[in-house]
Amino acid sequence: MTREQTLDPYWALDSTARAMRERYDSDRWGHNWTYVIVAHNVPTWAAERAQGKLSAANPDDKPKLDRMTGYLPNVLARTW
């Protein structure tokens with residue numbers, strides 16, 4: 001990545017779209033756009049959630065789930 005690329009909004013959109021498509025195609029996020037969008041912010045947690053490794057019943061998982069559930073509607077509100 002070059003300095004010019006980091007300042008180019010078209011490059012940023014293209015690279016983000018490519019990364020999201022690759023995530024969707026991967027089994028890691030369960031071919032689910034919700035997890036793919038959240039994975040852009042917190043990839044490890046989104047993968048754990050998609051694989052059933054995070055639970056709302058576990059108090060240690062609550063901050064992770066709260067961050068993910070807060071991020072998704074924030075992104076969707078700006079795109080749809």
(request) Pick out the one residue from TRP29, TRP11, TRP45 that is hydrophobic (A, V, I, L, M, F, W, C) and loosely packed, with under 15 Cβ neighbours inside 10 Å. (result) TRP11
(request) Please work out which one of (1) open to solvent by 90 Å² or more (accessible area, probe 1.4 Å); (2) at pLDDT 90 or above is the condition PRO63 fails and give its number. (result) (1)
(message) Looking only at residues that are at pLDDT 85 or above and not in a helix (DSSP H, G or I) in segment 31-41, which one is farthest from THR69 (Cα to Cα)?
(response) HIS31
(request) Among the residues of segment 38-66, write down those that are within 17 Å of ALA17 (Cβ to Cβ) and either in contact with a Leu (Cβ under 6 Å, 6 or more places away or on another chain) or among the basic types (Lys, Arg) (or both). (result) VAL38
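The values are calculated or read from the model by the stated rules, or taken from the named source; none is laboratory data. Bear in mind the structure is a predicted one, so any value in this text is a computation, not a measurement. No Cβ is skipped: glycine too gets one built from the backbone with ideal geometry, and neighbour counts run over all protein chains shown. These accessible areas exclude ligands, DNA and RNA; they are computed on the full protein's heavy atoms, side chains included. Shrake-Rupley method; radii C 1.70, N 1.55, O 1.52, S 1.80 Å.
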